[in-house]
Amino acid sequence: MTAVGSPSSEVTEFLTAGLRPHECRSCGTCVLVKKNSLKHTSIQWTTDAARSCPVFAAHAAGGGRTALLDTCEKLSASIDEAVRDGVLRTVQDE
């Protein structure tokens, strides 16, 4: 039995399956990435994005809410480059 508030192993597996570490080639921030297809990317931040990503940090410093940012374009470009280089693969390619 799972304790109240604790995710079951099935939920944990659903949320984390296929996530791979990726270090942004622009700033070095490490995130977890799952490429479901070439157009669909899931990103799980492992750190506070407003502290580790310069793009998010600049947005926050300007008074913006980082929760309203879709993602960092430099991180997206880094992930796309990793897919092209074969470092990251889409789920359908695994």
Subject >> Inter-residue pairs, beta-carbon under 9 Å, first on the phi < 0 side of the Ramachandran plot and in segment 37-61, second assigned to a helix (DSSP H, G or I) and among the acidic types (Asp, Glu), 6+ apart >> reply: 38/80; 41/80; 55/73
**OP:** Could you identify the single residue in 9, 52 that is of a type in the set (Gly, Ala, Ser) and surrounded by fewer than 11 Cβ atoms within 10 Å (Cβ to Cβ)?
**Re:** 9
Original post:
Only one of these conditions is not met by residue 22: (1) part of a loop (DSSP other than H, G, I, E, B); (2) under 12 Å from the mean Cα position of the chain (by Cα). Which number is it?
Top reply: (1)
**OP:** Would you check if there is a residue in segment 52-63 being among the aliphatic types (A, V, I, L, M) and in a loop (DSSP other than H, G, I, E, B)?
**Re:** no
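None of the figures in this text is laboratory data; all of them are computed from the coordinates on show. Bear in mind that the values here come from a model prediction, so they are computed numbers and not experimental data. Every residue, glycine as well, gets a Cβ built from its backbone with ideal geometry; the counts of neighbours run over all protein chains shown.
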